[in-house]
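Engineer: Before I ask anything, let me first share the structure, which is written out below as structure tokens.
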Amino acid sequence: MVVDYANGMTQEEIARKHGLHIQTVRKRLTAAGVVTRSRSTALTAQDLDEARVLLDAGLSVREAARRLGVAHTTLLRAIRRAAGATTDENHHHAPRNE
């Protein structure tokens with residue numbers, strides 16, 4: 001698993017290859033002392049543009065994400081972040097009281 005990751009495979013690809021849940025892969029990589037790549041940069045601006053084209057063409061989020069090689073939740077999160085960056089760039093929000 002560690003060799004696969006070092007050779008550039010994603011955690012999702014490793015999980016599929018070994019028949020494991022992605023969380024299991026993450027835990028095993030962490031336990032082995034592997035510093036994992038950032039998941040937040042999984043999609044580039046070009047990937048997001050491609051995703052928008054696929055979604056506008058009528059593909060489901062799951063199918064668009066599959067074609068881009070990421071989980072559908074990763075794609076949804078990236079789309080939300082991109083939308084938030086364009087609509088909230090100059091807005092400041094008060095901290096939440098939790």
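Engineer: What ranking of HIS21, HIS72 emerges when the number of other C-beta atoms within 10 Å of each C-beta is taken as an exposure proxy, fewest first? Intermediate results must be reported in sequence, preceding the final value.
Structural biologist: Details: HIS21 9, HIS72 15.
Least to most surrounded, the residues fall as HIS21, HIS72.
Engineer: Another one. From Cα pairs below 8 angstrom and at least 6 apart in sequence, can you work out the relative contact order of the stretch 1-72, rounded to a whole percent? Intermediate values should be presented prior to the final figure.
Structural biologist: Working: 40 pairs, mean separation 14.9, N = 72.
Rounded, it is 21 percent for the stretch 1-72.
Engineer: Can I ask one more? One quarter of the convex hull surface, Cα atoms only: what value does that give for the stretch 45-87 in nm²?
Structural biologist: Numbers: hull surface 10.8 nm².
If I average the Cα hull's projected area over directions, I get 2.7 nm².
Every number in this text was worked out from the coordinates using simple rules, so none of it is lab data. If you're wondering where the values come from, they're calculated on a predicted model, not measured in any experiment. Please note: Cβ atoms are built from the backbone with ideal geometry, for glycine as well, and neighbour counts cover all protein chains shown.
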